[in-house]
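Only one structure is covered here, and it is reproduced in the block below.
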Amino acid sequence: QGRLVESGGGLVQPGGSLRLSCAASGTGFSFYRMAWHRQVTGNQRELVASISNSGSTVYADSVKGRFTISRDGAENTVYLQMNSLKPEDTADYYCAGRLSMGGQYTHWGQGTQVTVSS
């Protein structure tokens, strides 16, 4: 059901901020839980944050209090606002979606790179 395209990645200094965007096209995403995952080469892909179709959110302990996930009123774009960035946040970030009552993410974007370095 459609496609997901991420943007907004780049190079930022420690302590800085960055906002990632995930543009959704197609039909049905208003019924989906949307999420951001990240992956470092050679490591497992991990859930960073997710948001339900009703606005409830879940965050990884490592980003709680620093990152905020949101979706726009039209539910066509999902955002990840990243503040107080640390070098350990460096990774490829992926947008994903699944049915609200499902358990596995079935739709994935191509990823956007985030590098936190002085």
Highest mean first, how do 91-98, 39-46 rank when packing is the count of other Cβ atoms within 10 Å averaged over residues?
91-98, 39-46
Within a Cβ distance under 10 Å of Ser21, other residues only, what is the Lys/Arg minus Asp/Glu net charge?
-1
Using alpha-carbon positions, the gyration tensor of the chain gives root eigenvalues a ≥ b ≥ c; with a/c under 1.5 called rounded, otherwise prolate if a/b exceeds b/c, else oblate, the class is prolate
Counting alpha carbon pairs within less than 8 Å and at least 6 residues apart, what relative contact order, in whole percent, applies to region 1-48?
32
Calculate, for the chain, the solvent-accessible area per residue in square angstrom, rolling a 1.4 angstrom probe over the heavy atoms of the protein chains.
52
Once you keep just the Cα pairs under 8 angstrom separated by 6 or more residues, what percentage relative contact order results for the chain?
36
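The values are calculated or read from the model by the stated rules, or taken from the named source; none is laboratory data. In this text, all values refer to a predicted model and were calculated from it rather than measured experimentally. Ideal geometry is used to build each Cβ from the backbone, glycine not excepted, and the neighbour counts take in all protein chains shown. Quick note on the areas: whole protein, heavy atoms, side chains included, nothing else; ligands and nucleic acids left out. Shrake-Rupley method; radii C 1.70, N 1.55, O 1.52, S 1.80 Å.
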